[in-house]
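Q: Got a structure for you, questions after.
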Amino acid sequence: MPPKACLICERKDPKSVRQNGAFVVTCKQCGRYLINVGQAHIDADPEDLPLLSCAARQASESGSTLRIDHSSIPRLIAAHKGTSVTRNLEKLLQFLGRRAKHPSDAIDVYSESDFTVIDTDEPADVDVYLDWLEKDDLIKIEPNVDFRRVILTHHGWQRLQTERVSGGKPGTCFVAMSFDPSMIEAFELGVLPAVETDCGFTALRVDRKEHNNQITDEIMAGIRSAELTIADFTGHRAGVYYEAGFARGLGREVIYCCRENDFKERHFDTSVMNHVVWTDPTELRTKLANRIRATILPKA
């Protein structure tokens, strides 16, 4: 039987569809997530459940669907603990930017269910953050009884655009992955068409670029100049971990990928990240293109 209440937040009557040994649950607070058939409860400290709700909702907002199981729960909760005030303000502004299709669009924010778009366990925090964004002239708020209607200002749109442009040249993508011959098809039939054909970006892989410099210099320059880095950890090359960390240190967007049979061997420091897990180049292309469309293109 499908769950009659959300297993994370216990809201009643979520939408549930059975799919490949799991239920796809859609909840107003937690977004869309997968739960194994037969899993009757979430094994976590009740005080941590709001953070698990944040993990599921934010993945759903970005176009991904988390599978919630006993092994993934601790790392998902850990990934949303201790988030800074500044980062939560960024998350909230980005959420509003994704929801608004046009500059004049109004977004209705319900703190009781939408607090999960940032990392907090307290719905009232959303109202505080909205007030701060309004004081910074990034949004305008039209208060209502049950919700707040928000419109991004010119400065708000400028902030979102500046974040995107300052993160490298728009439309460019650096690819960090193993150069082993066994990965040629993954790149040529998976990554390359997803990036260039499906999403209109330009892909850079340093071993396919003509240059007379040291390769490490080219790698650093490529990451600095790219809006987006795709890091595939299949084979667990140390260089890929370094390049992904360097990109994140610059504040760049990084999409994490790994072939399914290598996924369990991923290093601890990336285990909390939401990976695109694939089995063949065709699946890699589809999933990667969907991730770029959901999490990168809406910021344009």
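Q: Restricting attention to segment 88-141, which residues are free of Cβ contacts under 8 Å to residues at least 12 places away in the same chain and farther than 22 Å from Cys30 by Cα?
A: Lys101, His102, Asp131, Glu134, Lys135, Ile141
Q: Additional query: Among the residues of segment 39-54, is there at least one that is modelled with pLDDT under 85, part of a strand (DSSP E or B), assigned by TED's automatic domain parsing to the domain that holds His70 and farther than 27 Å from Gln94 by Cα?
A: So far as segment 39-54 goes, no, none of its residues is modelled with pLDDT under 85, part of a strand (DSSP E or B), assigned by TED's automatic domain parsing to the domain that holds His70 and farther than 27 Å from Gln94 by Cα.
Q: Then there is this: State the number of residues belonging to segment 80-108 that are more than 12 Å from Thr120 (Cα to Cα) and either hydrophobic (A, V, I, L, M, F, W, C) or assigned to a loop (DSSP other than H, G, I, E, B) (or both).
A: Of the residues in segment 80-108, 11 are more than 12 Å from Thr120 (Cα to Cα) and either hydrophobic (A, V, I, L, M, F, W, C) or assigned to a loop (DSSP other than H, G, I, E, B) (or both).
Q: Answer with yes or no whether Leu250 is aliphatic (A, V, I, L, M), under 19 Å from Thr295 (Cβ atoms) and at pLDDT below 85.
A: Answer is yes for this residue.
Q: Glu188 is checked against (1) buried (at least 16 other Cβ atoms within 10 Å of the Cβ); (2) at pLDDT 90 or above and fails just one. What number does that condition carry?
A: The number of the failed condition is (1).
Q: Also: Assigned to a strand (DSSP E or B), on the phi < 0 side of the Ramachandran plot and surrounded by 19 or more Cβ atoms within 10 Å (Cβ to Cβ) - does that describe any residue in segment 55-69?
A: Yes.
Q: Also, I was wondering about something else. Which residue, of Glu90, Glu112, Glu134, is under 20 Å from the mean Cα position of the chain (by Cα) and either at negative phi or at pLDDT 95 or above (or both)?
A: Glu90
Q: Condition first: part of a loop (DSSP other than H, G, I, E, B), hydroxyl-bearing (Ser, Thr, Tyr) and in contact with a Lys or Arg (Cβ under 9 Å, 6 or more places away or on another chain). Now tell me which residues in segment 109-144 satisfy that.
A: Tyr110
Q: Right, another one. If you take just the strands (runs of 3 or more DSSP E) that sit entirely in segment 174-292, which of them hold at least 3 residues that are among the aliphatic types (A, V, I, L, M)?
A: Ranges flagged: 226-232.
Q: Please go through segment 27-39 and pick out each residue that is polar (S, T, N, Q) and touching a helix residue (DSSP H, G or I) at 6+ places or on another chain (Cβ under 8 Å).
A: If the condition is that a residue be polar (S, T, N, Q) and touching a helix residue (DSSP H, G or I) at 6+ places or on another chain (Cβ under 8 Å), then Gln29 is the only one that fits.
The values are calculated or read from the model by the stated rules, or taken from the named source; none is laboratory data. Predicted model only: the values in this text are computed from it and were never measured. Ideal geometry is used to build each Cβ from the backbone, glycine not excepted, and the neighbour counts take in all protein chains shown.
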